[in-house]
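Encoded as structure tokens, the structure appears first; notes follow it.
The values are calculated or read from the model by the stated rules, or taken from the named source; none is laboratory data. Computed from a predicted structure; not experimentally measured. Reconstructed Cβ throughout: ideal geometry from the backbone, glycine too, with neighbour counts over all protein chains shown. These area figures cover heavy atoms from the full protein model, side chains too; ligands, DNA and RNA do not enter into them. Shrake-Rupley method; radii C 1.70, N 1.55, O 1.52, S 1.80 Å.
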Amino acid sequence: APSTTAFRRLVAPMAPWVFAAPTIAFATLPGLVDAGLDGWRTVYAGLATAVTPGTGILVAPLARRLAARHRMATAFCGLAAIAAGLLVGALAVARIDPALGLLAAVLLGGGYGLSVAYGLTEVAALTPPHRLARRTARFWALCYLGFCAPYAVTLLTGAWSPSAVLTGGAVLALLTLAALVRNAART
């Protein structure tokens, strides 16, 4: 079915980033940048945990404006924000800079908000009403794969530095973006 093909090409590649971005922002980054925050580490982690989804909520009006301009704009901007957040996160880790870590959390949270808005909107647009519940469940199942991202970062830091792993994540986000651009042009 055409809607199944469109889902596989335009939604599925992006879906894991929906939760990979925020979980890296609040489960991985705080512990990598909080040196020197003696007595304030828990407060810092809590702040990162609040900033990330908070930014995701704040970008909702932007997501609507982007979607009104171009069907794929929200996805493209979401993945670009995630890639930027991972690069800022890599710099924050290299410098052990908590302020940069919070900026990374803002970018990753914004990318999360844009990506989830795109995914849910696109699923609804592609899917006939009698299949919407099933396709939405598939979207969420793919999103939940992103919860493995902090574990993957931890595993990979056995072979590479955390900054290199986060930079590699940014490259993967940009490759996903390139695939979506290509797939959107073909669909």
Exercise. Under 16 Å from a point 7 Å along the Cα-to-Cβ line of Ser161: which residues of region 76-97 have their amide N that close?
Worked result: 87-97
Problem set entry | Farthest toward positive dipole pole in region 1-138 [+1 Lys/Arg, -1 Asp/Glu at C-beta], among Leu102, Val51, Phe76 | Phe76
Exercise. Sorted by average packing, counted as other Cβ atoms within 10 angstrom per residue and highest first, what order do 9-21, 147-159 take?
Worked result: 9-21, 147-159
Exercise. Round to a whole number: what % of the accessible area of region 49-187 belongs to carbon and sulfur, probe 1.4 Å?
Worked result: 70
For this session: Do me a favour and compute the ellipsoid semi-axes for region 8-77 from its Cα gyration tensor, root of five times each eigenvalue, largest one first, whole Å.
Result: 31, 14, 7
Exercise. Counting only heavy atoms of protein chains, what accessible area per residue, in Å², does the chain have with a probe of 1.4 Å?
Worked result: 48
For this session: Taking Kirkwood radius over Cα pairs in Å as the quantity of interest, determine which of (1) 23.7; (2) 20.3; (3) 16.5 was computed from the displayed structure.
Result: (3)
For this session: Give, as a single signed number, the net charge of other residues whose beta carbon lies under 15 Å from the beta carbon of Thr187, with Lys and Arg counted +1 and Asp and Glu -1.
Result: +4
Exercise. So how do Leu126, Leu87 rank on accessible area, 1.4 Å probe, biggest first, that is with the largest at the start?
Worked result: Leu87, Leu126
Seminar exercise, completed: Hydrophobic long helices for the chain, i.e. whole DSSP H runs reaching 15 angstrom or more by Cα along the axis with Kyte-Doolittle mean at least 1.0, come out as 73-95, 98-126, 162-186
Exercise. Which value, in debye to the nearest 20, gives the size of the charge dipole of the chain about its Cα centre, when Lys and Arg are +1 and Asp and Glu are -1 at the Cβ?
Worked result: 1000
Problem set entry | Net charge of Cβ neighbours under 13 Å - reference Leu132; Lys, Arg +1; Asp, Glu -1 | +3
For this session: Identify, among Trp40, Tyr151, Leu126, the residue whose Cα sits farthest towards the positive end of the charge dipole of the chain, taking +1 on the Cβ of Lys and Arg and -1 on the Cβ of Asp and Glu, with the dipole about the Cα centre.
Result: Leu126
